[in-house]
Structure formats: structure tokens, C-alpha cells
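Have a look at the structure below, then the notes.
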Amino acid sequence: MTAGSSRIFKAAMLTMSVVSALQWQIEAASAEDRPAKEVFGHMALPSAAASQPIGSYAKGCQAGAVAMPTDGPGWQAMRLSRNRRWGQPQLISFLERFSQDAQKIGWPGLLLGDISQPRGGPMLTGHASHQIGLDVDVWWRPMPTPRLTVEQRETVPFISMLDKSKFLTVDDRKWSPLNARLVMMAASYPQVERVFVNPAIKQKLCQTWTGDRTFMGKIRPIYGHDEHFHIRLECPPGAPNCKPQASVGKGDGCDKSLAWWFTKEPWAPPKKDPNAKPVKPRQVMVSDLPAACAAVAAAPSANPEGIAAQAYSASPAQAVRQQNVEQVIQNAPAIQPPSDIPLPTQRPTLN
């Protein structure tokens, strides 16, 4: 290559780099003016970037997410068509460890529900949290034998731990000491910040747990969560853009704050001003999220082949399962809201 042609080549490369950067900035600016759930809810793949949680659990996004494998020695991922099994590496590692420890106490295996979308952010339906790749839902239902097929994972129903004929009462025909051991184990890990359960389940633990109660305070009562429990990890070290929650404080939570859930107040419809004019709820825009989330939305996607190699082993059986998974995701109908959406109220939320 002559000196002249070399200069031309370098100039061309510089021009392409500038054009690419400008295009990226344009896409990021365009994303800011769109509803966040529409932008992040239709992302199929994570961003090709270093992993980091950005913002808060209910107002943020995630870069460089990792897929939780659909199958593992002690777990199966559920409702695969939702494409919500993406999390930060710390959460994926935690789930692999938790599934192993759960089997040691006799739990057959974890059925894993929603984690987060490929780039986090608000979802089209369902959760208000699960936005930064540090939240996961674990079904109260244990993994069956034989394992569920891909199709069954879309249709197998949840199992509620409540006696629906009574007010906030655990059904002792379904609940067992093993359920209690599992959720108390989840709360015991130092990186776990909170575990959300139904108020009746929290009360059951308060009344019956005779073991170490050191971590009981991490288990928090909230609407829904009778069919699954929700584990939340703390912001990992070295994640400056992750907004932590306040500490849960001292005590086991088996006090008047729990008793409040068994009054009428939490379940009463929100009071409405009869003279107030109807106000259309304002959609959360990408610009309402941390500034870095617009860049995450506009960033190039990670290599899908690399993701598949990372998330699944190379065994023929798992390769066939993965092919089936992709077909389910591709042919899935519109996502349906989960059955445990909290009541629309300004009272306690998962945040």
C-alpha cells in the first residue's frame, strides 16, 4: 500500500467511525422520546457491553446482561416465550449456587420465573421492578420429575400457597417445612437484600420458624407472591450506576408492620375525589430513566451465537431443547400479564 493510499484508507476509516458514532447518538436521542416499555420490551438481545446494572430496581436498565440457561442440574427456566431470563452475572451465579444448595436440603429443583428483559427497563406487562437484572422470581412449586418440556413450561399453572376460602391464610395442605427452609435459605446469602413473599407466608414464618431468625427481617410482605417468592440482590461492588435501596433495618419484621397487612386498609380501593377530572396516566419515557439507559437501548446487540454458546452446553439433548425454545419464543402469542400484579395503589410496593 502506497503512502497516498494509506492516508486515504485511514481517512475513510475515520469517516466511518465518525458516521457510526453520529448514528449511535441519533438512535440514542430518538429512543429518549419513546415510551420506555415499548423500547425495552421489544429488545430481543442484550447490549454488547460490559455488564452493569443502571439505576434503581424500578427505574433503570442493564447493560451486558447474561442469559440464565433454560436448564441446569437444579433448575428449569419457565415461561420462556417472555424472554425475561436475562440478568447480571452476579445474579446468574447466585442462582446456580442457590439451586445446588436447595437440593442439599431436599428441594428437587428450582422453577425460575421472570428475571429481567435483555436490556432490563420497564416491561410491556407485569412487573414494576425487575429492571436492572438483580431480581428473580422463584416458583413455590418444586421442579417435577420427569422435567417439564418446553411446551409444558408455557402452560403448567402456578400453585398458590394460600387457602383461597379464607382471608390471608396459608394452606397447610400445600405449605411444608421444606418451603420454609427454602425461603429462609434464600434470605441467608449475604448478597441477598430482600425476599418478597405474601403477607400470609411471612406470618406463617414468624409463627412457626424455630431455627436461626437472623435473616427473617429480609423477608418482606407484599401483595401477591403467594405463587412465587421474589429474590433481590444488592447492588454489586464496583457498580457505581446502581442505586441501592435503604437497609431493611433491625428486627425480624414480625411486628406491627406485618399486622397492618391483616387490617382492611391495605386492601381497600384507593379513595377517589368525585370532583377530580379524569387524568390519563403518563407513560414512562426512556428520558425518565437514567441517562445511560438511552445509550443501552441504542447500543449494538451482543452476538447471538456467543450467547447461545455461553448459555447452553453443547450436549445434543440440550441443543435440541434450545432449538425448541427458540421456536416457542418466535411463535409466542402476545405476552400475557402474570396473575400476581400488585393492586394499583400508592401503598407499599416492591421498591
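The values are calculated or read from the model by the stated rules, or taken from the named source; none is laboratory data. Please read these numbers as outputs of a predicted model, since none were measured by experiment. Ideal geometry is used to build each Cβ from the backbone, glycine not excepted, and the neighbour counts take in all protein chains shown. Just the protein is used for accessible areas: all its heavy atoms, side chains included, with ligands, DNA and RNA removed. Shrake-Rupley method; radii C 1.70, N 1.55, O 1.52, S 1.80 Å.
Just to be sure, is Val156 more than 15 Å from Leu178 (Cα to Cα) and either in contact (Cβ under 8 Å) with a residue 60 or more places away in the chain or within 14 Å of the chain's Cα centre (by Cα) (or both)? Before the answer, list the steps.
Working: more than 15 Å from Leu178 (Cα to Cα): yes; either in contact (Cβ under 8 Å) with a residue 60 or more places away in the chain or within 14 Å of the chain's Cα centre (by Cα) (or both): yes.
Yes, satisfied.
Suppose the filter is in contact (Cβ under 8 Å) with a residue 60 or more places away in the chain, over 20 Å from Ala180 (Cα atoms), surrounded by fewer than 24 Cβ atoms within 10 Å (Cβ to Cβ) and of a type in the set (Ser, Thr, Tyr); does Ser93 pass it?
Judged against the criteria, Ser93 is not a match.
Select from region 63-77 the residues that are open to solvent by less than 10 Å² (accessible area, probe 1.4 Å) and of a type outside the set (Gly, Ala, Ser) and write down the one among them that is farthest from Thr155 (Cα to Cα).
So the residue we want is Met68.
Give region 158-178 a look and list any residue that's in contact with a Pro (Cβ under 9 Å, 6 or more places away or on another chain) and buried (at least 16 other Cβ atoms within 10 Å of the Cβ), or say none. Walk me through it before giving the result.
Filtering region 158-178 for residues in contact with a Pro (Cβ under 9 Å, 6 or more places away or on another chain) gives 158, 168, 178.
Residues satisfying the conditions are Phe158, Leu168.
Report yes if Arg173 is modelled with pLDDT of 95 or more, in a loop (DSSP other than H, G, I, E, B) and over 24 Å from Ala67 (Cβ atoms), otherwise no. It would help to see each step written out before you state the result.
Values: modelled with pLDDT of 95 or more: yes; in a loop (DSSP other than H, G, I, E, B): yes; over 24 Å from Ala67 (Cβ atoms): yes.
Yes; evaluated as a whole, the condition is true for this residue.
Go through the residues of region 266-282 one by one and say whether even a single one is in contact (Cβ under 8 Å) with a residue 12 or more places away in the chain and charged (D, E, K, R).
The answer is no, given that none of the residues of region 266-282 is in contact (Cβ under 8 Å) with a residue 12 or more places away in the chain and charged (D, E, K, R).
A quick yes/no check of all residues on (1) more than 13 Å from the chain's Cα centre (by Cα); (2) part of a strand (DSSP E or B):
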position	(1), (2)
Gln76	yes, yes
Ser81	yes, no
Trp86	no, yes
Ile92	no, no
Leu95	no, no
Asp101	yes, no
Pro108	yes, no
Leu111	yes, yes
Asp114	no, no
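Kindly provide the set of residues from region 248-265 that are under 11 Å from Gly217 (Cα atoms) and without any contact (Cβ under 8 Å) to a residue 40 or more places away in the chain, ordered by number.
Result: Gly249, Lys250, Gly251, Asp255.
Would you check if there is a residue in region 209-221 being touching a residue at least 40 places away in the same chain (Cβ under 8 Å), outside any loop (DSSP other than H, G, I, E, B) and either within 22 Å of Leu95 (Cβ to Cβ) or not acidic (Asp, Glu) (or both)? Show your work before the answer.
Quick first cut of region 209-221, residues touching a residue at least 40 places away in the same chain (Cβ under 8 Å) only: 221.
The next check asks that each one be outside any loop (DSSP other than H, G, I, E, B); those that pass are 221.
Filter once more, keeping what is either within 22 Å of Leu95 (Cβ to Cβ) or not acidic (Asp, Glu) (or both): 221.
Yes - at least one qualifying residue is present in region 209-221.
Out of region 209-224, which residues are out of contact with any Pro (no Cβ under 8 Å at 6 or more places or on another chain) and open to solvent by 10 Å² or more (accessible area, probe 1.4 Å)? Outline the logic, then answer.
In the first step, residues of region 209-224 are kept if they are out of contact with any Pro (no Cβ under 8 Å at 6 or more places or on another chain); the result is 209-220.
Correct list: Trp209, Thr210, Gly211, Asp212, Arg213, Thr214, Phe215, Lys218, Arg220.
Within region 241-281, which residues are more than 30 Å from Ala294 (Cβ to Cβ) and among the β-branched types (Val, Ile, Thr)?
Of all residues in region 241-281, those more than 30 Å from Ala294 (Cβ to Cβ) come to 247-278.
If the condition is that a residue be more than 30 Å from Ala294 (Cβ to Cβ) and among the β-branched types (Val, Ile, Thr), then Val248, Thr263 are the ones that fit.
Determine which single condition Arg141 fails, assuming it passes every other condition in (1) open to solvent by 60 Å² or more (accessible area, probe 1.4 Å); (2) farther than 30 Å from Phe40 by Cα.
In the conditions (1) open to solvent by 60 Å² or more (accessible area, probe 1.4 Å); (2) farther than 30 Å from Phe40 by Cα, Arg141 misses (2) alone.
May I ask you to list the residues in region 242-254 that are assigned to a loop (DSSP other than H, G, I, E, B) and touching a Cys at 6+ places or on another chain (Cβ under 9 Å)?
Initially, region 242-254 is screened for residues assigned to a loop (DSSP other than H, G, I, E, B), giving 243-254.
Scanning region 242-254 gives Lys243, Pro244, Gln245, Asp252, Gly253, Cys254.
Please work out which residue is surrounded by the most Cβ atoms within 10 Å (Cβ to Cβ), limiting yourself to region 265-299 and to residues that are assigned to a loop (DSSP other than H, G, I, E, B) and within 22 Å of the chain's Cα centre (by Cα). Write out each step before concluding.
Just the residues of region 265-299 that are assigned to a loop (DSSP other than H, G, I, E, B), to begin with: 268-284, 289-291, 299.
Still in the list and also within 22 Å of the chain's Cα centre (by Cα): 283-284, 289-291, 299.
Values: Gln283: 12, Val284: 16, Leu289: 27, Pro290: 19, Ala291: 13, Ala299: 18.
So the residue we want is Leu289.
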